[in-house]
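Notes follow once the structure below has been shown.
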Amino acid sequence: MENFEIIEKDLLSHARNAQLRVKRGTIRTPIFMPVATQASVKALSQEDIAKIGAQCLLSNTYHLYLRPGLETLKVFGGLNGFMNHPGPILTDSGGFQVYSLSKLRKITENGVHFNSHIDGSSHFFTPEKVIDYQRIIDSDIWTCLDVCVANPASYSQAKEALKKTLIWAQRAKKRYHEINKSMENSQKSLLFGIIQGSIFPDLRKEAAIAAAQEDFDGFAIGGLSVGESKEQMFEALAAVMENLPKNKPVYFMGLGTPEDIWRCVEMGVDMFDCVLPTRNARNGQALTSEGKIYIKNARYKKDENPLDPLCDCETCKKYSRAYLSHLYKSGELLSHRLLSIHNLRFLLRQTEIMKEAISEGKFTQARKKFMERYMC
Ligand SMILES: [Zn+2]
């Protein structure tokens with residue numbers, strides 16, 4: 001049985017409702033995955049995570065490897081046991097973090113040498129090792145180690161990084177099959193290939209065609225939403241989407257604004273993650289169906305309304321804007337938790353609205369309705 005099954009397709013766009021079977025359950029896409037980089041969705045307990053309706057979390061091999069370390073995770077049988085999280089988890093390989101966080105890094109044919117951003121200690125990741133690490137983490141979906149480039153990158157830098165990413169993907173897949181050959185299908189983690197190519201449509205196309213030939217369980221699009229213009233981002237994304245098989249899940253790494261998620265789902269993307277909903281919450285910014293609001297704004301000082309009257313989260317059910325504004329301005333930690341719950345629930349609810357709209361064949365109208373209200 002295939003792991004990914006398309007249930008319904010929108011008539012006028014590429015949006016689709018699908019289900020992705022992983023070893024800890026069935027994920028119904030489109031989805032947004034809250035980020036638990038360091039084995040924690042910042043400020044939220046497991047009860048909070050369950051209540052907002054998160055189907056899958058995202059964590060990170062680079063961070064978990066450095067802290068708490070794989071030996072600690074082994075004691076708990078992996079990340080789920082350590083966090084006491086029962087549901088599916090996808091792990092990013094850490095290529096982006098090696099690139100963006102470590103001060104010293106050197107990429108060779110075989111892998112990448114880097115120094116920990118925490119204590120400066122030296123480490124060496126290879127595509128094979130990163131598969132082995134994800135086996136210890138025991139996440140439901142693994143990703144291949146990739147080579148990231150700066151934005152902007154020159155064409156030749158992006159081409160070189162892409163070439164290496166593709167070779168490393170083959171090595172990661174080989175290691176993945178060695179590990180899994182004696183395992184029953186229901187116990188296997190899935191492996192996603194990563195598509196690079198910076199902002200260059202022809203490199204993106206090349207990356208998508210090459211990844212498609214590797215027969216991964218799904219595809220993760222990396223290296224976009226990193227500072228390029230929206231026009232460049234969507235042009236590169238279009239080049240990828242036109243060249244990926246339609247029967248596999250597609251995950252846009254690190255994209256988390258509601259308007260972009262709506263547009264990407266319309267183009268056929270199924271999965272998203274981003275730190276912004278929780279990071280913005282800690283900066284007092286809330287997503288609402290009528291756009292972003294800054295809770296410290298004087299106009300909310302005596303406002304008895306919830307953050308978003310259309311929201312069904314615990315924060316909106318129980319607390320006023322005035323109280324949330326007071327908590328934030330007083331530096332109370334509770335404001336981080338309550339705003340994070342709301343922002344994550346807001347995005348998860350958007351994906352639920354999308355699923356309904358796809359089911360009714362009205363995705364384009366639903367997106368228009370969202371945009372009119374949100375961007376007003
Ligand atoms: Zn809410």
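Quick notes
- Cβ-defined net charge surrounding F363, 12 Å radius [Lys, Arg +1; Asp, Glu -1]: +3
- Whether segment 96-254 is rounded, prolate or oblate, judged on the alpha carbon gyration tensor where a/c under 1.5 counts as rounded: oblate
- Rounded to the nearest 20 debye, dipole of the chain from Cβ charges on Lys, Arg, Asp, Glu: 760
- When the Cα positions of Y65, F4, G223 are compared along the charge dipole of segment 4-274, Y65 comes out farthest toward the positive end, with charges on each C-beta of Lys, Arg, Asp and Glu.
- Relative contact order (%) - the chain, alpha-carbon pairs under 8 angstrom, separation at least six: 18
- With both residues required to sit in the chain, DSSP beta bridges show an antiparallel share near 50%.
- Toward the positive end of the charge dipole of segment 296-350, with +1 on the Cβ of Lys and Arg and -1 on the Cβ of Asp and Glu, the farthest Cα among L348, L334, C313 is that of L334.
- For N305 and T26, the difference between the fully extended length at 0.36 nm per residue and the C-alpha to C-alpha distance is 96.8 nm.
- Per-residue HN-Hα couplings for segment 65-78 [Karplus 6.51, -1.76, 1.60; θ = phi - 60°; Hz; x = Gly/Pro]: 4, 7, 7, x, x, 5, 4, 5, 5, 4, 4, 9, x, x
- Amide H within-cut-off set for I221, under 5 Å, with H built and near neighbours excluded: I195, Y251, F252, M253
- Among residues other than K181 with Cβ under 14 Å from its Cβ, the summed charge is +3 (Lys and Arg +1, Asp and Glu -1).
- Reducing segment 19-59 and segment 224-265 to their Cα centroids gives an inter-centroid distance of 21 Å.
- Relative exposure of D260, D303, judged by other C-beta atoms within 10 Å (fewest first): D303, D260
- Ellipsoid equivalent to segment 4-274 - semi-axes via the Cα gyration tensor, in Å: 25, 24, 18
- For the chain, the mean residue ellipticity at 222 nm estimated from helices alone is -13000 deg cm²/dmol, where every DSSP H run of n ≥ 4 contributes -39500 (n - 2.57) and the total is divided by all residues, rounded to the nearest 500.
- Local net charge near K246, Cβ-Cβ under 12 Å (Lys/Arg +1, Asp/Glu -1): +1
- A prolate overall shape is assigned to segment 276-376, the ratio a/c of its alpha-carbon gyration tensor axes (a ≥ b ≥ c) being 1.5 or greater and a/b exceeding b/c.
- Cross-link check: pairs K106/K129; K74/K103; K129/K164; K51/K318 evaluated at a Cα-Cα cut-off of 21 Å; pairs beyond the cut-off: K74/K103.
- Packing-based ranking of 51-63, 77-89 yields 51-63, 77-89, ordered from highest to lowest mean Cβ neighbour count within 10 Å.
- Normalising the average separation of contacting C-alpha pairs (under 8 angstrom, six or more residues apart) by the number of residues puts the relative contact order of segment 152-248 at 30 percent.
- Simple spin-label estimate for K368 and T108 in nanometres, 7 Å along Cα-Cβ: 5.8
- Choice from V75, V275, V22 showing the highest fluctuation, given a GNM over the chain with Cα pairs closer than 10 Å: V75
- Global geometry of segment 101-162, whether rounded, prolate or oblate, following the gyration tensor of its Cα atoms and the 1.5 cut on a/c: oblate
- In sequence order, calculated HN-Hα J values of segment 2-14 (Karplus, 6.51, -1.76, 1.60; Hz; x Gly/Pro): 5, 6, 10, 9, 7, 8, 9, 10, 6, 7, 9, 9, 8
- Where no second cysteine Cβ lies under 4.7 Å, the cysteines concerned in the chain: C56, C144, C148, C264, C274, C313, C376
Readers should treat all values here as calculations from the given coordinates under stated rules, not as data from a laboratory. Small disclaimer: the values here were computed from a predicted structure and weren't measured. Here the Cβ is made from the backbone with ideal geometry for all residues, glycine too, and neighbour counts use every protein chain on show.
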